[in-house]
Amino acid sequence: MFRHCLVTGANRGLGLAFVRALLARGAHVVATARQPGRATALNALSGEHPGRLHVLPLDVAAEKSRAELARELPWVLGEDGRLDLLLNNAGVLHSGERWGRIEPALLEDSLRTNAAGPFLLTQALAPRLADGARVANVSSTMGLIATRTEFRSPSYCISKAALNMATVQLAHALAPRGIVVVALHPGWVRTDMGNPDAPLAPEESVAGLLQVLERVSPADSGRFFDWQGQPIAW
């Protein structure tokens, strides 16, 4: 279903699993990382899939970097090429936060990277999205307001709640073109951001999430789904 895809934060974890799964499905993939030269596994994949995987630099929190990626895409996709899928996966989780010692810089970094970055990147790449494309924002149930029962990882929670609202706003903005925008909860996954004891392998989560993206329709735009396709209340 997806022929041309862009995945942010693709150098490890879920992002790398998304790239592998999409390549296995025959897609052409643009994979971004802040430091592509250090993305060993991603660069190895590029060598295995010449012409179908392009690795480009992107700091999703930086306006200049987003603009540069937008300028590069026509060279990668072709002047008339369009993305069928934009996966806003890049994110940060600052650990060890304690009440009374929350650093403004970390909160601001979380908001720039986890919420403002995906919103502004989607805006910048909108001309390169095909009509009827899918935009997926990788979110978390930690961004749900009603279910928070403890003070934990406030910067991450606040930024993911903001990302959920960004998803709704993008859904309305892109609706005239039939572009479906959804937030996705990958589950608790064994990644650097997750935990070695988490029950889900990245490959299992990604397989489920791609099935969700293949099934969603314009009626689902602006909604939040888990990796098994179950809707999540905000």
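All of the numbers you see were taken from the coordinates with simple rules; none came from a lab. Computed from a predicted model, the values in this text were never measured in an experiment. As a convention, Cβ positions derive from the backbone with ideal geometry for all residues, glycine included, and neighbour counts pool all protein chains shown.
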Within the range 148-234, trypsin sites (Lys or Arg not before Pro) in DSSP loop having at most 13 other beta-carbon neighbours inside 10 Å: Arg152
Can you give the calculated 222 nm mean residue ellipticity of the chain, where each DSSP H run of n ≥ 4 adds -39,500 (n - 2.57) and the sum is split over every residue, rounded to the nearest 500 deg cm²/dmol? -12000 deg cm²/dmol
By the mean-Cβ-within-10 Å protection proxy, highest first, 4-11, 98-105, 28-35, 59-66 rank as 4-11, 28-35, 59-66, 98-105
Spin-label point model (7 Å from Cα, Cβ direction): what's the Gln228 to His172 distance in nm? 3.3 nm
Report, in whole Å, the centroid distance computed from the Cα atoms of the range 1-45 and the range 102-119. 23 Å
Residue by residue through the range 147-156, which ³J(HN,Hα) values in whole Hz follow from phi under the Karplus form 6.51 cos²θ - 1.76 cosθ + 1.60 (θ = phi - 60°), with glycine and proline marked x? 9, 6, 10, 8, 8, 7, 6, x, 4, 5
Only counting other Cβ atoms within 10 Å, I'd like Ile232, Ile179 sorted with the fewest neighbours first. Ile232, Ile179
Using modelled amide H (1.01 Å from N, peptide plane; none on Pro or chain starts), what sits under 5 Å from the amide H of Leu83, excluding residues fewer than 5 places away? Leu129, Ala130
The set of residues whose placed amide H lies less than 5 Å from the amide H of Leu56, leaving out same-chain residues fewer than 5 positions away, is Ala31, Thr32, Ala33
So, over other residues within a Cβ distance under 9 Å of Asp131, counting Lys, Arg +1 and Asp, Glu -1, the net charge is +2
Is the shape of the range 154-234 best called rounded, prolate or oblate, per the rule: a/c under 1.5 gives rounded, else a/b larger than b/c gives prolate, else oblate, with a ≥ b ≥ c the square roots of the Cα gyration tensor eigenvalues? oblate
Derived scalar couplings ³J(HN,Hα) [the range 166-175; Karplus, 6.51 cos²θ - 1.76 cosθ + 1.60; whole Hz; x for Gly, Pro]: 4, 4, 4, 5, 5, 4, 5, 5, 9, 4
